[in-house]
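In what follows, a structure is listed as structure tokens, so that the remarks can point back to it.
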Amino acid sequence: MDTTSFTKKSIGGVAQIEPALTPPITHAPTTFPVKPKQINVKPRSKKRDIPEGLWTKCPTCGTMIFDKELDENLKVCPKCQHHFPIGSRERIHSLVETCTFEEMDAEMSSVDVIKFAGYRGKLERDRRNTMLTDAVVTGIGKIGAHRVALGVMDFGFMGGSMGSVVGEKLTRLIERATEGGWPVVIISTSGGARMQEGVFSLMQMAKTSAALAYHARQRLPYVSVLTNNSYGGVMASYAALGDLILAEPAALIGFAGPRVIKDTTHADLPPGFQTAEFLLDHGLIDATVPRKEMKEQLMRYLDYFAAGKKN
Ligand SMILES: [Zn+2]
């Protein structure tokens, strides 16, 4: 027997008639009363009322930091001194004397020389996002009383990877410093050579190193500043060649990452491996310098180099 015939029906003005048989319980009735949708009337918490993009959570201590405060503090957590990534333009602004920076080769940009799948799109995306043409900004500016050739890398542009433009811009910067008799300061942050440019990116290691050798022959100082994170072909070339090598606190620095090293050597890595502090203890770098003290310290070191040259 078709149980659907038991469904209650009402005809206008006629009293409902109960079916003669009770429908079996296992058979669900065809209609249920619609449960009213629960509307959350609880007042929204204060935290949820904070507009997105105004606060940043510190990954080290968990403090919520007002973005304006973070910007004013050079992207350093005021509570635990965690160093957030900072853009190259902001960093240059924090280091050089006002209106003294003359940028070099600002228009130079990469071409997809080995036709690497997706490379063109990534370049365009990062040009749009960072308003930069590649992963380094170079130019001549003054730090304190000293005219220096300054190169600042930006991790926001393809992970600060070194392609032919990064190598060429840095080489031209170093050569100009050699001609002008100025110190070179390069602030690195990089995942390494840019694989999308294949061997052309690897050539940059030799080219930048050779330019630094000519610079050193003129007995001119080169200060390399390593920031989080500095890896790969950049660390295997110009970043490791400084007469003075400085690093920001807790920056991760190395050639290959810890997982690759662990898998290759089958050895347990010591705690703090590849941090700036670990490398300072083991003699690879000369000092760790907090970002807010960087300008002052660079001025001190440049004074020292200049005094040494005079003597
Ligand atoms: Zn913090």
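The table for this structure:
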{"item": "Trypsin sites (Lys or Arg not before Pro) restricted to the stretch 205-311 and DSSP loop, no more than 13 other C-beta within 10 Å", "result": "Arg219"}
{"item": "Charge dipole magnitude, Cβ of K and R +1, D and E -1 - the stretch 107-243, Cα centre, debye nearest 20", "result": "80"}
{"item": "Accessible area per residue, Å², the stretch 80-164 with all protein chains present, probe 1.4 Å", "result": "47"}
{"item": "The stretch 160-311 - Kirkwood radius from inverse mean 1/r over Cα pairs (Å)", "result": "16.1"}
{"item": "Normalised convex hull volume, the stretch 87-233, alpha-carbon set, Å³ per residue", "result": "98"}
{"item": "As computed over the stretch 199-273, the Cα convex hull volume per residue (Å³)", "result": "103"}
{"item": "Carbon and sulfur %, accessible surface of the stretch 204-311 computed with the full protein complex present, 1.4 Å", "result": "55"}
{"item": "Overall Cα dimensions of the stretch 141-211 - principal axes, largest extent first, Å", "result": "40, 25, 13"}
{"item": "Radius 12 Å from Cβ of Lys79, net charge of other residues (Lys, Arg +1; Asp, Glu -1)", "result": "0"}
{"item": "Per residue Cα convex hull volume in Å³ - calculated over the stretch 242-311", "result": "94"}
{"item": "Accessible surface, per residue, of the stretch 255-302 when the full set of protein chains is kept, probe 1.4 Å, Å²", "result": "65"}
{"item": "Residue pairs, from the table Lys57/Lys292; Lys142/Lys295; Lys79/Lys292; Lys75/Lys292; Lys68/Lys122; Lys57/Lys79, whose Cα atoms sit over 18 Å apart", "result": "Lys57/Lys292; Lys68/Lys122"}
{"item": "Which of Tyr301, Tyr214, Tyr238, Tyr231 is most accessible, then next, and so on - probe 1.4 Å", "result": "Tyr214, Tyr301, Tyr231, Tyr238"}
{"item": "Low-density loop positions, trypsin sites (Lys or Arg not before Pro), the stretch 54-126 - DSSP coil, at most 13 other Cβ in 10 Å", "result": "Lys79, Lys115"}
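The values are calculated or read from the model by the stated rules, or taken from the named source; none is laboratory data. As the structure is a computational prediction, the values presented were derived from the model and not from experiment. A quick note on method: Cβ atoms are made from the backbone with ideal geometry, for glycine too, and the neighbour counts reach across all protein chains shown. Protein only, heavy atoms only, side chains kept; ligands, DNA and RNA dropped before computing areas. Shrake-Rupley method; radii C 1.70, N 1.55, O 1.52, S 1.80 Å.
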